[in-house]
Every structure is written in structure tokens, then in C-alpha cells.
Amino acid sequence: DITVTPPPDPAPGRHWLTARLSYGGQTYEDVVALDVGGGHRGPTLLTDVGVERVSVRRGERARVPVTLRNTTRGPVNGTLWAVSSWGSWPGVIPDCQGFTVPGGEQQESTIEVDGDAIPPGSYWLMAKVAWHGCVAYTRAVELEVRP
């Protein structure tokens with residue numbers, strides 16, 4: 001059993017209580033939301049792909065920005081995956097990346113598209129984001145690879 005005592009005058013909003021345990025060379029984490037002063041309304045992490053469309057030729061690379069905005073008082077730790085259609089996987093990198101967004105802040109992650117590793121054609125691309133027991137997907141954008 002654990003007892004958590006907030007400071008005398010905590011700032012209203014969503015805070016995170018985080019427990020971490022290191023064992024066998026790996027760190028395990030569990031997180032619970034603590035809502036102060038009327039609670040939190042709306043999503044805790046807002047995500048967006050910063051382009052409407054991605055177009056590359058063979059031999060080119062494109063960088064696709066993914067914006068992560070934390071609407072809470074505490075840091076959000078999570079994982080971002082690049083998700084794309086069958087046949088495009090070898091050229092959409094990295095497939096998985098970790099992130100930490102401080103409370104109330106915004107940061108940008110990047111998905112890179114390698115036109116040499118994807119056959120010419122039309123595909124789709126989005127990001128999957130997981131944090132503190134939540135999962136969200138960005139909107140999908142068109143990914144075109146031209147010869």
C-alpha cells in the first residue's frame with residue numbers, strides 16, 4: 001500500500017504518479033493519473049502529422065514531422081511507431097522510437113521515408129503513439145514514391 005500526500009497548494013490539472021523498477025538490466029514503469037482541482041478534460045497528448053502528403057523519388061529521402069503536445073502538468077513518456085501500408089515498411093524509419101514530452105510542452109519527432117527502399121507506387125503513412133496506458137493514431141497521409 002502507498003499513500004500519496006499532495007503539496008499544500010497543488011496546481012490544478014492532470015499530474016502523473018510514476019513508479020519505476022529496474023530489474024535484470026531493464027526498467028519497468030507504471031503510471032496513474034492524478035486529477036487536481038476539478039480534474040482534467042480532454043486528451044492528455046495531442047498528436048499530428050505535419051504534412052498533407054509525402055512524395056519522394058527513387059534516391060530521395062523525406063522527413064515527416066510528428067507533433068506531440070502534452071496537455072498535462074507532468075511528463076509523458078511513450079513510444080511512437082511509424083505505420084504504413086504493406087510494401088513500404090523497409091523505407092519508413094525508424095519503425096519505433098521512444099519520447100518524453102515535459103508537462104505543458106510540445107515536441108516534434110520525425111519519421112523518415114527512403115525512396116530507394118520502397119517500390120514506386122501510392123501508399124499511406126501515419127503514426128501510432130502509446131503512453132501511460134493510452135493509444136492514439138494520427139490521421140493517415142498519402143505516401144507517393146515516383147520512379
Residue pairs within 8 Å by beta carbon, gap of at least six or interchain, first lying in the range 55-73 and under 12 Å from residue 138 (Cβ atoms), second in a loop (DSSP other than H, G, I, E, B) and among the hydroxyl-bearing types (Ser, Thr, Tyr), listed first then second, are 66/138
Given the conditions (1) in a loop (DSSP other than H, G, I, E, B); (2) open to solvent by 70 Å² or more (accessible area, probe 1.4 Å), every one holds for residue 116 apart from (1)
Heads up, the strands (runs of 3 or more DSSP E) in the range 1-70 (entirely inside) with at least 2 residues that are of a type in the set (D, E, K, R), touching a His at 6+ places or on another chain (Cβ under 6 Å) and at pLDDT below 90 are none
Checking 61, 14 in turn, the sole residue that is closer than 27 Å to residue 91 by Cβ and touching a Gly at 6+ places or on another chain (Cβ under 9 Å) turns out to be 61
Regarding residue 21, is this residue open to solvent by 50 Å² or more (accessible area, probe 1.4 Å) and either free of Cβ contacts under 8 Å to residues at least 12 places away in the same chain or in contact with a Cys (Cβ under 7 Å, 6 or more places away or on another chain) (or both)?
yes
Exactly one of 54, 66, 129 is open to solvent by less than 20 Å² (accessible area, probe 1.4 Å) and farther than 30 Å from residue 17 by Cβ, and that one is 54
Only unsatisfied item for residue 46, checking (1) surrounded by 11 or more Cβ atoms within 10 Å (Cβ to Cβ); (2) among the hydrophobic types (A, V, I, L, M, F, W, C); (3) under 30 Å from residue 120 (Cα atoms), is (3)
Only one of (1) part of a strand (DSSP E or B); (2) open to solvent by 80 Å² or more (accessible area, probe 1.4 Å) does not apply to residue 79, and that is (2)
Residue hits (the range 85-113; under 14 Å from the mean Cα position of the chain (by Cα), exposed (fewer than 13 other Cβ atoms within 10 Å of the Cβ) and among the small types (Gly, Ala, Ser)) are 98
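The values are calculated or read from the model by the stated rules, or taken from the named source; none is laboratory data. Quick caveat, the model's predicted, so the values are computed rather than measured. FYI the Cβ positions are ideal-geometry reconstructions off the backbone, even for glycines, and counts take in every protein chain you see. Ligands, DNA and RNA are stripped out before the accessible areas are found, and what is left, the full protein with its side chains, is counted by its heavy atoms. Shrake-Rupley method; radii C 1.70, N 1.55, O 1.52, S 1.80 Å.
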